[in-house]
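To start, the structure under review is shown below, and the notes come after it.
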Amino acid sequence: MRKSTRPFSRTAASSLAVAALALVGFQATGQTASATTAGTATAKASSIATCTTANTEVTVGAVSRPINHLLLKATNTGTKPCYAYSAPFLRAGADAQAPLQWVEDSTPQSVLVLEPGRSAYAGILTYSPDGEGGSQVKNLGVIFTDRKGHATATEKTVKLPGGGSFFNSSAAVTYWQDNAADALVW
């Protein structure tokens, strides 16, 4: 009986080994395809730059509603798409000690990708009755953020409309939004 089971066991073991190798080869092929797809997505994502003052034009405008708000607009002037990460760091006036606070409730579901010629918007609350102190400000310093939420290297200074606006301690800016209406909700 042993003699009859051995050849069967060897044959069965050989068949199992071939099947296992085939399965491993199939899985490896699937993993290679996934890695290639992921690599392509990563390569595409890495070809998208971070929006900075070098590839993006920044303007600030007055709005009729809500009161005590301004609208910051960033337009991609480059030839490639760029990511508008988080919210901009804003310096209200040359003697500002810290950037305006970010309105955390305005965080979008995903990072905005600005195709060339497209814009992102951030609403700026200049003051509220609950705020303290304040002064008339004529210029606004704008610094974009990188993927990690850190300031990019260059600041762009823009003149505020109407000769300036009053800012106090409650001034804040929203995260980048894909339309002006959403930016002005906060």
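Some notes on this structure:
- Taking the criterion of being within 28 Å of CYS82 (Cβ to Cβ), open to solvent by 20 Å² or more (accessible area, probe 1.4 Å) and outside any strand (DSSP E or B), the residues of the range 129-149 that qualify are ASP146, ARG147, LYS148, GLY149.
- Within the range 157-172, tally of residues that are surrounded by 15 or more Cβ atoms within 10 Å (Cβ to Cβ) and over 27 Å from the mean Cα position of the chain (by Cα): 3
- Looking only at the range 117-128, and only at residues there that are assigned to a loop (DSSP other than H, G, I, E, B) and of a type outside the set (Lys, Arg), the one that is farthest from the chain's Cα centre (by Cα): SER128
- Within the range 71-116, tally of residues that are of a type in the set (A, V, I, L, M), closer than 20 Å to ALA54 by Cβ and in a strand (DSSP E or B): 7
- Cβ-Cβ distances below 6 Å connect the following pairs, each with a first residue in the range 67-95 that is modelled with pLDDT under 95, a second residue that is not in a loop (DSSP other than H, G, I, E, B), and a separation of six or more residues or different chains: GLY93/VAL137.
- Members of the range 72-95 that are buried (at least 17 other Cβ atoms within 10 Å of the Cβ), aliphatic (A, V, I, L, M) and over 15 Å from the mean Cα position of the chain (by Cα): LEU72, LEU90, ALA92
To keep it simple, each residue is scored yes or no on (1) of a type in the set (Asp, Glu); (2) at pLDDT below 95; (3) within 16 Å of ALA49 (Cα to Cα).
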| residue | (1), (2), (3) |
| --- | --- |
| GLY123 | no, no, no |
| GLY133 | no, yes, no |
| LYS138 | no, no, no |
| ALA151 | no, no, yes |
| THR154 | no, yes, yes |
| PHE167 | no, no, no |
| ALA180 | no, no, no |
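- Residues in the range 150-166 that are in a loop (DSSP other than H, G, I, E, B) and without any contact (Cβ under 8 Å) to a residue 24 or more places away in the chain: HIS150 only.
The values are calculated or read from the model by the stated rules, or taken from the named source; none is laboratory data. Worth saying up front: this structure is predicted, and the values here are computed from it rather than measured. Cβ: placed from backbone, ideal geometry, glycine included. Neighbour counts: every protein chain shown. Accessible surface is based on the protein model in full, side chains and every heavy atom, while ligands, DNA and RNA are left aside. Shrake-Rupley method; radii C 1.70, N 1.55, O 1.52, S 1.80 Å.
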